[in-house]
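Below is one structure, written out as structure tokens; comments come after it.
No lab work stands behind these numbers, since they all come straight from the coordinates. Note that this is a predicted model, so its numbers are computed, not measured. Virtual Cβ from ideal backbone geometry, glycine too; neighbours counted across all protein chains shown.
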Amino acid sequence: MPVSESDQGDTLGTDEDIIHTSVGVLDKTVKILEALETGPVSLGHLVSATGLARPTVHRLATALEQHRFVCRDEHGRFTLGSRFSELAAVAGEDRLLSAASPILRSLRNRTGESAQIFRRQGDHRICIAAADRPTGLRNSIPTGAILPMQAGSAAQILLAWDPPERIHQALHKARFTAAKLADVRRRGWAESLNEMEQGVCSISAPIRGATGQVMAAISISGPMERMSQAPGRHYAPLVMAAGKYLSEAIQGSITSRE
């Protein structure tokens, strides 16, 4: 729902609370987001916490929901949405990319398969870095490739820790299930076989930002005839280790090293 300039004139709970600025609607929006920092809250709690009129809170929260800055949990309460983690991923991308190349090359050399890093952008995922297997049959995904969020182990990683409502919406078109995402959260890695392309499999693990949010996924992919029918059993520890290293690099707890 678009927020019009007229919202700047909405009154707050009391006259003394009125914000007299040219961007009053922004001030009110920030009040709502600050109230959500402590966790999911009801509309009534938002009204109480912000001191804003109930229609104003409902209108702004609904607009924020449409832009994914706010979402609803399984109880219908408002909570911070996935858009913040998506923007954080973009903000941290330079640091990630500076550490990514040697890790991708190492992962490729240790597994013998092509390695990639994906970040989410809306309903798609983008390959932001890759190291291809130099010879033989390989699954080549170039940097900049845009892939769907409905299939593949990287998509599972990027979706698994989302709020339940967002997961529910995404699963309508997905080639994986809620049970599979629960397994991903439990074990910390994802596996796909024939999801993106017949005869191709992949293994992915999360790359986490400073607050622990999943900001990207690191993957290896290749033909099932070489990686087997259970690639996770053989490759998951290596992919998870690479994801952990990059998470620590982004968080600034380690220095870059080859």
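Computed as a quarter of the hull surface, the mean projected area of the alpha carbon convex hull for segment 137-233 stands at 6.6 nm². Take every pair of alpha-carbon atoms less than 8 Å apart whose residues are at least six positions apart; their mean separation over the length of segment 86-250 yields a relative contact order of 25 percent. For segment 200-211, putting each phi into the Karplus relation 6.51 cos²θ - 1.76 cosθ + 1.60 with θ = phi - 60° gives couplings of 10, 10, 8, 10, 9, 9, x, 10, 10, x, 4, 9 Hz, in residue order, rounded to whole numbers and with x for Gly and Pro. To the nearest ten degrees, helix 178-187 and the longest principal axis of the Cα atoms of the chain are 70 degrees apart. Ordered by the number of other Cβ atoms lying within 10 Å of each residue's own Cβ, fewest first, 118, 176 fall into the sequence 176, 118.
Build a GNM of the chain with springs between Cα atoms under 10 Å apart, and of 219, 202, 106 the one that fluctuates most is 106.
Projecting the alpha carbon convex hull of the chain along each direction and taking the average yields 15.3 nm².
Could you give the angle, 0 to 90 degrees to the nearest 10, between helix 93-111's Cα long axis and the longest principal axis of the Cα atoms of the chain? That helix lies at roughly 30 degrees to the long axis. Taking the Cα centre of the chain as reference, the dipole from Cβ charges on Lys and Arg (+1) and Asp and Glu (-1) amounts to some 1240 debye.
With a/c under 1.5 counting as rounded, go ahead and sort segment 20-75 into rounded, prolate or oblate using the C-alpha gyration tensor (a ≥ b ≥ c being the square roots of the eigenvalues; past the cut-off, prolate if a/b is larger than b/c, else oblate). It is prolate, given that a/c is not under 1.5 and a/b is the larger ratio. Considering only 66, 198, 150, the Gaussian network model of the chain with Cα springs below 10 Å gives its largest mean-square fluctuation to 198.
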